[in-house]
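Derivation of every value follows stated rules applied to the coordinates shown; laboratory data play no part. A quick note: this is a predicted structure, and the numbers were derived from the prediction, not measured. Note that each Cβ is placed from the backbone with ideal geometry, even for glycine, and that neighbours are counted across all protein chains shown.
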Amino acid sequence: MKAEDSATPTSTIAVGPTVGDADGTARTARAPKSPGGEPGSRRTGPNGTLLAGLGVLAFSLTFPSTAWGLESFGPWSLVALRSLLAAVIAGGVLLTARVRVPERRHWAGLAVVAGGVVVGFPLLTTLALQTSTTSHAAVVVGLLPLTTAVFSSLRTGSRPSRTFWAAAVTGAGVVIAFTVLQSGGTLSAGDLFLFGALLVCAAGYTEGGRLAKVMPGWQVIGWALILTLPLAVAGTALALPYEPVRLTAHGVIGVVWVAACSTFLGLYVWYRGMAEIGVARASQLQLAQPLLTLVWSYLLLGEEVSAAAPVAAVAVLLCIAATQRTGGTGRGR
């Protein structure tokens, strides 16, 4: 592993999926800012933009793929299989690259990442998608970057500007109003699962952002997956016999996508892209994720997307864009 790869910048995300301050090494060296606005970005060529864009594309397909996976597996089986397959892929990559085992002091943080990103978020969103549409879930989870910023502020002591918090509160208000309107005036069980997913994923992203200062981001998610391997094996063995399995092409494709692409490969290209173009430019690409999910929900699932969904998604994205412009948001994935 090259020394220059040991401080991969990080940025915000939805599935997937770590928030925190970017590249402390580059900042200490007072490297000049790139056109993307991040100190120490090595390159700003189209390759980095393409890689980060591929990461956003992978994340935007997570909810539709989960809905497909539920055609073949129960929610507990799906989450267990997703974690198991992703951990096997991660283990193979780590072994091939001969990556050294993290120091003991980092394992507590990796456990938080694993609990929030590998287990908590997939499980809660999968349970939510049993009663919520993917378009509805996409708008609610569009609040994840703002939720993560709050956790990051509490965890790292960063002090975002008043403009940032005004935009964050506005975005939260839009999402709450949307969910209440769509649920007929009350929050449904699916909404409660989604809001729980926001909290655990934000905690995982925040801790992952802190760890990404001392190891590449793809190794953070890789070791977090390895940490959950025993739980994934046990969960698969327990859930499969008790939940009906009806294998379909959609179901198999859905499981493979969320395991290989959403959980591991998507994060890999996302981190590599950020290493080239910087956190600020990469995070702007991710603003398209909720709207992309709405498009996939319509094209792949044939969902009737309500008129309020794209309006709410655009409003949330505008609020997130405002937080990106103010700086000091504790960004990172």
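The figures follow:
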| item | result |
| --- | --- |
| Over the stretch 82-127, volume per residue of the alpha carbon convex hull, in Å³ | 63 Å³ |
| Ranked packing of 191-198, 97-104, most packed first, by mean Cβ within 10 Å | 191-198, 97-104 |
| Gain on full stretching of the segment that runs from Thr170 to Glu103 - 0.36 nm per residue minus C-alpha separation | 20.1 nm |
| Added length on full extension, which subtracts the Cα-Cα distance from 0.36 nm per residue, Val180 to Val314 | 46.5 nm |
| Label-point separation, Leu192 to Val295 (7 Å along Cα→Cβ), nm | 3.6 nm |
| FRET efficiency estimate (nearest 0.05) - Cβ-Cβ, Ala307 to Leu240, R0 45 angstrom | 0.65 |
